[in-house]
Amino acid sequence: MSAAAKVGVVTEALSGVFATIDGLRSYAYFPDTFQPPGVVVGHPEIAFTGDHVTICSNDLTFPCHLVVARSSDRAVASTLFDFLDQMIAAVEGDSTLGGACELAQVLSASPETVAVNGTELPGYLVQIRTIA
């Protein structure tokens, strides 16, 4: 399988795992239109390791952007943490992403704001490492 194909398979698998979360829209690409709450699986960071360095080393870290609609600060925090907990549980519950990789693990989650249709919305950047 080509490197691009493998990245595509893992991207789709991550998006599929997130699609199982009730109320959360999941995108395997940056959509033309976005409606929160949703998560977008971004292009991965690629770690080149070993003596024969190629993209096929497949140590990939995916930035996953979790974005929710703005409301009161308390409601936003509650919604963000609820979806974040569910995203972590989804990855931990299927750490091979349905066989798309050998291992998937959540590395970190950092708060961020994301511009959606000209409006800054609250979110988290969730970093997920996969070994394919």
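The values are calculated or read from the model by the stated rules, or taken from the named source; none is laboratory data. Small disclaimer: the values here were computed from a predicted structure and weren't measured. Here the Cβ positions follow ideal geometry from the backbone for every residue, glycine too, while neighbour counts run over all protein chains shown.
So the values come out like this:
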| read-out | value |
| --- | --- |
| Members of region 64-94 found to be aliphatic (A, V, I, L, M), at pLDDT 95 or above and either in contact with a His (Cβ under 6 Å, 6 or more places away or on another chain) or loosely packed, with under 15 Cβ neighbours inside 10 Å (or both), listed by number | A89 |
| Search result, residues across region 1-44 that are surrounded by 13 or more Cβ atoms within 10 Å (Cβ to Cβ), of a type in the set (D, E, K, R) and modelled with pLDDT of 95 or more | E12, R25 |
| Yes/no for L97 being surrounded by 13 or more Cβ atoms within 10 Å (Cβ to Cβ), modelled with pLDDT of 95 or more and not in a strand (DSSP E or B) | yes |
| Some residue of region 45-58 being under 14 Å from the mean Cα position of the chain (by Cα), at pLDDT below 95, surrounded by 11 or more Cβ atoms within 10 Å (Cβ to Cβ) and under 28 Å from A3 (Cα atoms) | yes |
| Qualifying residue in region 70-91 (condition: in contact (Cβ under 8 Å) with a residue 60 or more places away in the chain and either farther than 24 Å from P31 by Cβ or aromatic (F, W, Y) (or both)) | yes |
| The one condition in (1) touching an Asp or Glu at 6+ places or on another chain (Cβ under 8 Å); (2) not in a strand (DSSP E or B) that T61 fails to fulfil | (2) |
| Total residues in region 20-51, condition farther than 23 Å from S71 by Cα and hydrophobic (A, V, I, L, M, F, W, C) | 6 |
